[in-house]
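Comments concern the structure below.
Nothing in this text is a laboratory measurement; each read-out follows from the coordinates by a stated rule. These numbers were taken from a predicted model, which means no experiment stands behind them. Cβ atoms come from the backbone with ideal geometry, glycine included; neighbour counts cover every protein chain shown.
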Amino acid sequence: MKSLQFSVPADTNKSIRIQEDIMPNFYPYFHRHTETQIMWILKGHGTLAIEQNLFNFEAGDIFYLGANQSHVFRGNFDKDEKQKVHSISIFFDPYKKIAAFFDLPEFGELKNFITHSEVGFQVAPKLTINIGENIAALQKTEGVEQIIDFIRILNHLMQNRHLHIPLSSEKNLPNHISDYDQRIIDAQTFIKKNFAQTKLTLDSIAREACMTPQAFCRSFKKRTRITYIEYLNELRVQRACRLLTSSNMYSISSVAFNSGFNSLTNFNRVFKSIMKYSPKEYLKHYKEATIEQ
């Protein structure tokens, strides 16, 4: 599914843009923009489609969307429910006007947090009231005070980063090995190159790491915090989502085979365990969320 490139209205006098929207519905197009967005939903509920993932949202939720992440908030209203949404968004580009802040030595950890948050996340529910109050207060400040308050919000999000819910399709895949074990790094690279092959086996992966299968499983789990089969399934389901949502007409069985599954039953089971929907249900909900109605 292609997304529109959207241009956030620029304000030449500010480093961040705060936008409050009260309207019948959310912006209807599946779109992306170069700015990072923090969005607080005060009224409205429905489905967020972001990249190939689907999330339910409701009033009070806060989302951090990375630059150029394709997304759309689709409101779901009952027939007798008045359609009205209310949200406040903060838009900023960490690589333009405000970049000088993050280049300061004291901001190194915060810069790293922003870099690794480009996959997006939903703010942990236990933090939404406090973060929401801070966003509301941010609207009322100007100049230096507004920038300081904005940095405080980012710092609060950073300090609680382990609580947030990732939005990317790579949500369960470790970016870095906790120990510089080249054998596990080599095995990860091998899995990424060959995960779509239905004949990929634990023995072949373990040989790539120069380890026995049992030792490899223990070492992989210790250093990545997930099992190798969880890692492999995540990669395969990511590919399946991309195939299902592409413009090409793939059957469910061909998607399964081309994603590395040799059994349609196993594909359906693994897909639902990760995506919370069966492949058919996922595609139906994804189209409903991303196609303008």
How big is the gap, in Å, between the Cα center of the range 81-139 and the Cα center of the range 186-203?
37 Å
In degrees from 0 to 90, rounded to the nearest 10, what is the angle of the helix 228-244 Cα long axis to the longest principal axis of the chain?
60 degrees
Which of the aspartates and glutamates could a cross-linker span from residue 272 if the Cα-Cα distance has to be under 13 Å and same-chain partners fewer than 8 positions apart are dropped?
234, 281
Distance between modelled label sites at residue 31 and residue 227, nm, 7 Å Cα→Cβ extension:
4.4 nm
What's the exposure ranking of 70, 204, 87, going from fewest to most Cβ atoms within 10 Å?
204, 70, 87
Please list 3J(HN,Hα) in residue order for the range 181-194, calculated via the Karplus relation 6.51 cos²θ - 1.76 cosθ + 1.60 where θ = phi - 60°; whole Hz, with x for glycine and proline.
9, 4, 5, 6, 4, 5, 5, 4, 4, 5, 5, 4, 7, 10
Once the Cα atoms of helix 128-138 and of the chain are each reduced to a long axis, what angle between those two axes, in degrees from 0 to 90 to the nearest 10, is obtained?
40 degrees
Under the 0.36 nm per residue contour assumption, what length would be gained going from the current alpha-carbon distance of residue 76 and residue 118 to full extension?
12.4 nm
May I ask you to compute the full-extension gain from residue 192 to residue 251, defined as 0.36 nm times their residue separation minus their alpha-carbon distance, rounded to one decimal in nm?
18.9 nm
What net charge do the residues around residue 195 carry, taking every other residue with its C-beta under 11 Å from that of residue 195, with Lys and Arg at +1 and Asp and Glu at -1?
+3
Rounded to the nearest 20 debye, dipole of the range 51-133 from Cβ charges on Lys, Arg, Asp, Glu
200 debye
Could you tell me which of 57, 286, 196 has its Cα farthest along the dipole of the chain towards the positive end, charges placed at Cβ (Lys, Arg +1; Asp, Glu -1), taken about the Cα centre?
196
So how far apart, in nm, are the two label points at residue 263 and residue 99 if each is 7 Å from Cα heading toward Cβ?
5.1 nm
Quick check: net charge around residue 143, other residues with Cβ under 11 Å of its Cβ, Lys/Arg +1 and Asp/Glu -1?
-2
Per the helix-only model, the chain has a calculated mean residue ellipticity at 222 nm (DSSP H runs of ≥4, -39500 (n - 2.57) each, divided over all residues, rounded to the nearest 500) of -12500 deg cm²/dmol
Residue 76's amide H: which non-local residues (gap 5+, or another chain) put their own amide H closer than 5 Å, with H modeled 1.01 Å from N in plane and none for Pro or chain starts?
45, 46, 47
For the chain, just say rounded, prolate or oblate: build the C-alpha gyration tensor, square-root its eigenvalues into a ≥ b ≥ c, call rounded for a/c under 1.5, and beyond that prolate if a/b exceeds b/c, oblate if not.
oblate
Apply the Karplus curve 6.51 cos²θ - 1.76 cosθ + 1.60, θ = phi - 60°, to the phi angles in the range 220-227 and return the couplings in whole Hz, x for Gly and Pro.
4, 5, 5, 8, 10, 6, 9, 6
